[in-house]
Structure formats: C-alpha cells, structure tokens
1. Would you grab the residues whose amide H sits under 5 Å from the one on I304? Only those 5+ places off in sequence or on another chain, please, with H modelled 1.01 Å from N.
2. Under a plain spin-label model, where a point goes 7 Å from the Cα along Cα-to-Cβ, how far apart in nm are L175 and F14?
3. Taking the chain as a Gaussian network, where each spring joins two C-alpha atoms under 10 Å apart, which residue of S195, S103, S361 fluctuates the most?
4. Considering only the other residues whose Cβ falls under 13 Å of the Cβ of L393, what net charge follows from Lys and Arg at +1 and Asp and Glu at -1?
5. Compute the separation of the alpha-carbon centres of region 88-157 and region 22-68 and state it in Å as a whole number.
6. Can you give me the accessible area per residue for region 313-407, using a 1.4 Å probe, in Å²?
7. Near M56, within a Cβ-to-Cβ distance under 11 Å, what is the net charge of the other residues, with Lys and Arg +1 and Asp and Glu -1?
8. I'd like the Kirkwood hydrodynamic radius of region 125-241, using the inverse of the mean 1/r over distinct C-alpha pairs, in Å.
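The values are calculated or read from the model by the stated rules, or taken from the named source; none is laboratory data. The shown structure was predicted, so the numbers you read here are calculated from the model rather than taken from an experiment. A quick note on method: Cβ atoms are made from the backbone with ideal geometry, for glycine too, and the neighbour counts reach across all protein chains shown. To get the accessible areas, we keep the full protein, side chains included, count just its heavy atoms, and leave off ligands, DNA and RNA. Shrake-Rupley method; radii C 1.70, N 1.55, O 1.52, S 1.80 Å.
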Amino acid sequence: MEEMLFYDRMQFAFTITFHYLFPQLTMGLSLIIVYFKWKFLKTKDEQYNHATHFWMKIFALNFAMGVVTGIPMEFQFGTNWAKFSELTGGIIGQTLAMEGMFSFFLESSFLGLFLFGEKLLGHKWHFVTGLLIMIGSWASGFLIIATHSWMQNPVGYEILENGKFVLNNFQALFLNPWLWPSYLHNQAASLVTSSFVVAGIGAFYILSKKNVSFGKLFLKTGVIFGLISSIIVTVPTGDLAAKNVVKYQPVTFAAMEGIFHTEKKGSEIVLIGQPDVKDKKLDNKIAVPNILSFLTYGNWDQEIQGLDQFQEDLHPTNISGLYYAYHIMVGLGTVFIGLMVISLLQLIRGKLFETKWLLWSLMFMMPFPYIANTTGWYTAELGRQPWLVYNLLRTAAGASPTVSSGNTLFTLLGFIGLYLLLGMLFLLLVGKIINKGPHHVELSTEKI
C-alpha cells in the first residue's frame, strides 16, 4: 500500500508540476497583453499593437500546452484517486465542472477571435476579446483554488451515512476564509512570473541589439509590473495566507518554520538552518529572535506552538521538504523585490538600459519565478499531508485500491518521456517567436 501510494503521489506531483509551468504565465501575461492593447487604443502608437500580437503568440502556445498537460490530471482523479473522487466528488466536482464550462470555454473561444479576428472586429472589440480572455483565465484560477481551499479548510459540507461529502451551503464554498488570500496570492505570483519573462526578453533584445525599441518597452513594462506584483505577493497576500496557516493548520506552520519545540517568550525567525527531523532540531541555524512572533501576531513575546504540541501522526509527512520549499519561496520572493527596486530606481534615473549587469541579472532571473511558484504550491500541498481533505480524509484513504504500483510507475515513466518531448518542442517554438521578434507579426490596417 505504501509503495502504491508513493507512486500515485509521485505521478500526480510530476504531472501537476509540469502543467502549472504554463498557467502561471498565461494568467499574468493576459493582464499585460490587455495593458498593451489598452495603451495602443489610448496612444495610437503601433508599437503597442505589435507588442500585443507578439505576446499573444506566446500566450497561445502556453495555453495549448496547459490544455494538453491538464487533461491527464482529470483522468488521474478517476484512475489513481478513485476513492477520493467518489467521496468528495459532490463538492469538488462542482467547482471543477464550472472551471471547464465557464472559464476554460470562455478563454478558448475568445482566444481564437483575438488571434485571428482583429480585422473583422476592429481594435476596440479586439480589446474586449482580450479582456474576456483575461477574465476567463483568472476565473479559471479562482475556481481551481476554490477547490484547493476546500481541501485545505473544508466548509459548508455534511457527511452522509455512506461517507460521501455533500455541500449544504454553496455560498460557504466561495466565502471560505482560506480562498481569497490564497487566490490573490497566487494571481500576484503569476504576474511576477509574467513580469520577469517580459522584462527578461526585453533585456535580451537590448543586450543582443535586436528590436531594441521593443526591448526597452518590454523591460520598462516588466519592471513596473514586476515590482508591484512582487510586493503584493509578500504584503498583504502572503502575510494573510501565512496567518491562515497559523489559524487553521498550526502544525503545518510549525513545520514550515522549523519550530520543533514551543518557545515560551516569542519565536525566532530562521534565516538559514537544516532540519534534523530525527533529533527534532535545526542544525547550523542563523535566526533573529522574536521576529516571527511579531510578524505573525504583532506581539514580540507571543508564543507559537511547536511540533512538540501535536501528535506525531498529525505532523506533515515530509517536514524537511515542506521546510525547504517554504524557505526557497520566501527567499526568492525577497530577491525579486530587491532586484525590481534596483531596476526601477535605475529606470527613473534613465540608466537602466545601459546598466549591463542589471540587464544580465533580469535575463538570468527569468526561470526563478517558476521555481518560486512551484515551491509555493509544494508548501501548500506538503503542508496539508497526511490529509487529502484536512482533518477529514487521509491521503491513503483516497487512493484507488485496484491500481497497482507497477501500472502507476509505468505510466509515470511514459509521462516523463512525453513531457520531455513536449517541453523541448515548446521551447523551440517560443525561441522561434522570440528570434523573429515583434516586427514579424501581421497587423490589421483597419481604422480604430
């Protein structure tokens, strides 16, 4: 059973990690594309329209990859996690169905119009279709996170005699106190990824002396959006999300922060340290006293419960992985703010486009928001273990008893090979678009 559960979790972890590389760009990028189209309508500067079409091509590729890699996860609910689907389908099936019917179809329908219908629609309606794509993209994220939030903090439900969960308060599903901080945190993080990609490609154009005018536009836009979103990820959304963990999952918070033993007169914040789960301590730690208590409660001496206050069978099953995922996310988020602050100061001084070390830094940093987003999701998922539905349904109870570990491992290896090929094809196609540049897009000559 343990081996079967391990491969079930590994397969879902791999497929969802690869899948989320694409939606995290499309959600944030849709807002930037709408911004470029709005600027074109406002200024009549054709450069903004070229930028709109350029980024829409990259958006479309990401969207296609997101669809292709998202479908297998739906099937895994029925194959690897059949018991989970049977017991909770009355609740999570509603939000997942709404995501498919309302959000996905809205996004995909208007994507075709935005890509090919500018001449037919005119620029103002073309802008409206772009806006609807963004709404569909963000609504899709909202409904997925509504599902996730119910698993983290189940509300508005009752359990029937046969063990199945059903909703008895539909409104509670969308007023879940876990939902809104998580959703806004996720969307801001998506915008961080998009901003760094836009700024990084802008820096590439400037450094390579190709499409320099577009490089400056992309760099300026990416830095401004990047700084705003990097701050929002931290305060207020990250702060609110962390306080939800303290309130609803205190054992998870203790593991995230590496608090093995309760500290009576305020908790320190650990900057560096390696968890030794066996001996229940942090090795080689560098910490600042009482800061964690102040950040969490606004009180320097507030006690924060350690792992020693909870039964061991309630502890997260991978404390070290959870600890490192959380600290990588927070550490990278701090770096993002610092880099974007320096970039904005140089932009205001009129020296950003000539500061080569900063251009190289922005280009080099493009992959790191993907890492931060991924570790953020690992924090949420590892923190919920050993539960599928927190405090109600354990992970082991949701797995399919009839799917062998050998079958799951076989399909996992197949996914790894297939996704490797898809990833290489995606990078090749995106590379071709970037190499051609924004000048090589067909634009409508119709009047606005």
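1. Under 5 Å from the amide H of I304 lie the amide H atoms of E263, G266, S267, each far enough along the sequence or on another chain.
2. 4.4
3. Fluctuation is largest for S361.
4. Details: positive: K83, K164, R384, R394; negative: E86.
Net of charged neighbours comes to +3.
5. 16
6. Values: 4350 Å² over 95 residues.
For region 313-407, the solvent-accessible area averages 46 Å² per residue.
7. Numbers: positive: K37, K57; negative: E118.
Spelling it out: positives minus negatives among the neighbours equals +1.
8. About 16.7 Å for region 125-241.
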